[in-house]
Amino acid sequence: MGVDTKLYISHRWNINDIKDVLQNRLNCDVKITFNEFAPNYVNLHFKERMLHIHTDSQVSGFPAILLSFRSNPEGIGILELLAETFGGILQVQDCNNDALIFDQPDYGNNAFLLNEALKNDPRSGNDLEKFNKFTKQWKNKYSK
């Protein structure tokens, strides 16, 4: 089994948003294929590559869209481009827990951080000062 690079983005985005960014930023045609047996699994084909998308995923208990490539420099670069556009949590290698957070002023990313804070310390969601401190620590740890 190979190592994958994964990007979790807010579920408020959709397949067409991802397709549009790839077409415009990479200047290429993108073809969407659906799996009739797994309706939440979609592939985007472009530049002799295939991006796997699971539209019904979760990260830290929150609904998310999971985008996945084999881990190599080109795949990582494409997912970083999407992360810079949509925000999200990028896991460069799925075999370890290291992750990068890409901020975007979007409700979904704040929800990811809040849920992560609650998972680590349930009391932090009731204490704004403690939550702000946690958010800064998290961003410093995982931001580019």
Q) What about K19, is it within 18 Å of the chain's Cα centre (by Cα), modelled with pLDDT of 90 or more, closer than 21 Å to E80 by Cβ and of a type outside the set (V, I, T)? A) yes
Q.
Go through (1) at pLDDT 90 or above; (2) among the acidic types (D, E); (3) touching a Phe, Trp or Tyr at 6+ places or on another chain (Cβ under 7 Å) for E84 and report which single condition fails.
A. (1)
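The values are calculated or read from the model by the stated rules, or taken from the named source; none is laboratory data. Please read these numbers as outputs of a predicted model, since none were measured by experiment. Positions of Cβ are backbone-derived with ideal geometry, glycine not excepted, and every protein chain shown enters the neighbour counts.
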